[in-house]
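Participant: I'd like to ask some things about the structure below.
The values are calculated or read from the model by the stated rules, or taken from the named source; none is laboratory data. Every value quoted in this text rests on a predicted model; they were computed, and no experiment measured them. Cβ atoms come from the backbone with ideal geometry, glycine included; neighbour counts cover every protein chain shown. Surface accessibility is based on the protein's heavy atoms, side chains included, excluding ligands, DNA and RNA. Shrake-Rupley method; radii C 1.70, N 1.55, O 1.52, S 1.80 Å.
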Amino acid sequence: MSHFHAKNIIKVIIHEIIEACANKGQQVSETLVAFIVKAVVLDPRNEFHVVKKLTKYDIQTLINICVDRLLDQNSPSLNTIKMQIYFDMNYAGRNEYLNEHHIVLESNLSPVSRDITDIHAKNRQELEAIYHKIVSFVLLCSGLGASNDIDTVVEATVALQSVFPRSMLASFLSLKKKDKEQQLRELTMIVTGIRLYNKDVGKGGESIDNLPAILNNDIPTTSNQHEAEMELSLNIAERYTTILEKLENGDVNKDLHVYADLLKEALYNIQQHIVFLRLIMSEIITCAQQVEFLQQKFGQQMEELKSIVQDKIAVPTADVYPHFIALSRLWYGFQGEIVLLSVFNNIATSLKPYLSSHVQIFSDNTLGPLLENLDVKTTEQRIEETSSDQIDPSEYKDHNWLFPETTHNFDALPLQFGGICAYTLVDKNGLLLMGNPKIGILKHNEKYYSFSSKKAAKTFAENPDKYIWLVIEMAKRHAELIQLLELLHQFEPITPYTGTATITSSTTTNKEKGIVRLGTTSDISAQTETHLLPSHIVKSYEWNEWELRRKAIKLANLRNKVTHSMQTKLSHLRRENISQVYLPKQKASQTKKINTTNVPKIQVIRHGFLT
């Protein structure tokens, strides 16, 4: 059966399960259904083994089992799986949340930005309208006050005019679109820095929220709230653990064994909640550290800016603009921490509904009789009781044991199964007990294992692979343990199939049902480099012996030859020629002389007329 055919069958099965649940009034997501299908197929009790194809009856059986599990809303196991899916789909790193927030902000501001960059003003009124849009863009992008507050708009306009007067608007509109967008971002940061400085010196900024003060108040409040939730969850987990421990030891009434399976599912549910809360708490602690760092840098930057500006009437822009931009970036850091704190708080709050099932099943009235005459021990008490029982490494020379006194970064070692004792999990039929690293950490196949007691460490060390395999088998029966024990890498994507092909594996048994493992595939290409090492090609090398003889004869004949050279028409100007000429000189000569002469005037004198 082809991979494409198998994927189509998976989609059909998932679609039918979703439709069946919808007909019974229960809406389920495709992700949840896909995980439940995988969990049902993994469970060896359902006998979906890797040998033969699935018939239509087998597929219908698979669908019915999945529908029954999805409709059991009081199942702690189902709620744990829902909690895991929700957390995986909503929890991400700090940078991913900040990038997503930045993308959303950019998409919201893009219409305002286009109104500024894509419009060409034709008259004075249109220029004034564009300038007001720039002010609105600066306010929206900076997040310092509301854009419909008159005082805020006036304050932002005055700050903008100090760095970008209206006379520069014509030159701004003549820029390319990318240059306009870049200048808008720079103007936003400069104006933001100016307004923050004015607020600090008491010359405005009444509408700007004091983000450092807000964070310093909200972070401890949020942290205390989730710490109280964690303490409550730890208390419940300790009570469940105590009851299960006594049930496994046979120290209580046998009639109470009916609660064992539900208690285990409830314990897995509350332990998963504790793990997620610890992740959220670590993120909140990181927020607190980042806020402290930002406050320190913001104060230093503000003092440097004050020392430059002081009471001067005019300051060179090259001296103050970088400080204004630095202030705005630090302030954006405060805004980012506000967003992160809100996201992490919402995730932690959204985990509470997934605890409702075991709280309803095991109320105080139900747990009261089970806890009679039982001493509820905390994790710290258990660790303290076993800290003195340290493994003697000389007894296990073939094993590598690590201890706090001899191992660098001992507390940072990545423990397998989330620090849960694998031996206790197998020996006590699913009981979760945290390991005590002080007893000794076993390094096996480059992985690290901790144990709840010295006996557990010794027994596990005798055959580690056996207990590791048994833990994986237990996770197949309880799918919520796959993520709780960090075993995701142990399980490949699998799906039921109906086809003629058969797949073999180490878990093959002679059953009438089968599954096919679907690996993740993708089309890729690779190109091998022609020469991995630098080439050293001798172009004068010749391997042909006769060619070498021909060259030798040619060189020998040159001894009796005379070398001639001549210039032809075709070879003219093919080489560089240089000639020297005398440049013409500027000279002047006089060939004639301009002169004048006077012609005698002829006069006629008559006489003898007078008497």
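Participant: In Å³ and rounded to a whole number, note down the convex hull volume per residue for the Cα atoms of the range 184-336.
Facilitator: 134 Å³
Participant: Say each of THR378 and ASN598 gets a label point 7 Å from the Cα, pointing the same way as Cα to Cβ; how far apart are those two points in nm?
Facilitator: Simple spin-label model gives 14.0 nm for this pair.
Participant: Right, another one. Tell me the angle of helix 76-90 to the major Cα principal axis of the chain, expressed in degrees between 0 and 90 and rounded to the nearest ten.
Facilitator: 10 degrees
Participant: If we sort 335-343, 184-192 on the protection proxy, mean other Cβ atoms within 10 Å, highest first, what's the order?
Facilitator: Going from most to least packed, we get 184-192, 335-343.
Participant: While we're here: Below 18 Å, Cα to Cα, which aspartates and glutamates can LYS199 reach? Residues fewer than 8 away in the same chain don't count.
Facilitator: Hits, sequence-local ones excluded: ASP149, ASP151, GLU155, ASP209, GLU303, GLU304, ASP311.
Participant: Using the Kirkwood radius over C-alpha pairs as Rh, can you work out the diffusion coefficient of the range 130-180 via Stokes-Einstein at 10 °C, viscosity 1.306 mPa s, in µm² per second?
Facilitator: Diffusion coefficient, whole number: 137 µm²/s.
Participant: Checking a compactness column here: for the range 124-250, what do you get for Rg(Cα) / (2.2 N^0.38 Å), N being the number of residues?
Facilitator: Dividing the Cα Rg of the range 124-250 by 2.2 N^0.38 Å gives 1.88.
Participant: Moving on. Using 1/(1 + (r/R0)^6) with R0 = 30 angstrom and r between the beta carbons of GLN73 and THR31, what's the FRET efficiency to the nearest 0.05?
Facilitator: For GLN73 and THR31, the calculated efficiency is 0.95.
Participant: Provide the per-residue ³J(HN,Hα) series for the range 413-429, in order, calculated from phi with Karplus coefficients 6.51, -1.76, 1.60 and θ = phi - 60°, each as a whole number of Hz, with x at glycine and proline positions.
Facilitator: 5, x, 6, 6, 6, x, x, 6, 6, 5, 5, 5, 4, 7, 5, 9, 6
Participant: Quote to one decimal, in nm, the extra length available between LEU470 and GLU545 on full extension: 0.36 nm per residue of separation minus the C-alpha distance between them.
Facilitator: The LEU470-GLU545 span can extend by a further 19.7 nm.
Participant: Still on this structure: Set the Förster distance to 41 Å, then compute FRET efficiency between ASN400 and GLU231 from the Cβ-Cβ distance, nearest 0.05.
Facilitator: Result of the calculation: an efficiency of 0.65.
Participant: How long is the gain from VAL104 to LEU533 if the chain were fully straight, where each residue apart is worth 0.36 nm and the alpha carbon distance is subtracted?
Facilitator: Net length gain for the segment: 149.6 nm.
Participant: I've got another one for you. In nm, what is the difference between 0.36 nm times the number of residues separating ARG114 and ASN23 and their Cα-Cα distance?
Facilitator: Separation in residues times 0.36 nm, less the Cα-Cα distance, equals 28.0 nm.
Participant: Give me the accessible area of LYS455, 1.4 Å probe, in Å² rounded to the nearest 10.
Facilitator: 140 Å²
Participant: Per-residue counts of other Cβ atoms within 10 Å, averaged by peptide: what ranking do you get for 437-447, 198-208, highest first?
Facilitator: Final packing ranking: 437-447, 198-208.
Participant: Less than 15 Å Cβ to Cβ from GLN271, Lys/Arg counted +1 and Asp/Glu -1: what total charge do the surrounding residues give?
Facilitator: Charge balance in the 15 Å sphere: -2.
Participant: Here's something else I'd like to know. Could I have the simple spin-label model distance between SER162 and GLN289, label points 7 Å from Cα toward Cβ, reported in nm to one decimal?
Facilitator: 3.7 nm
Participant: Also, I was wondering about something else. Report the one residue of ALA314, PRO369, VAL135 whose Cα lies farthest in the direction of the positive end of the charge dipole of the chain (charges on C-beta: Lys and Arg +1, Asp and Glu -1; origin at the Cα centre).
Facilitator: Of the options given, the answer is ALA314.
Participant: Specify the inter-centroid distance of the range 273-343 and the range 32-73, based on alpha-carbon positions, in whole Å.
Facilitator: About 53 Å separates the Cα centre of the range 273-343 from the one of the range 32-73.
Participant: Let me ask you something else. Measure nothing but the geometry: give the 0 to 90° angle between the long axis through the Cα atoms of 124-142 and the longest principal axis through the Cα atoms of the chain, rounded to 10°.
Facilitator: 30 degrees
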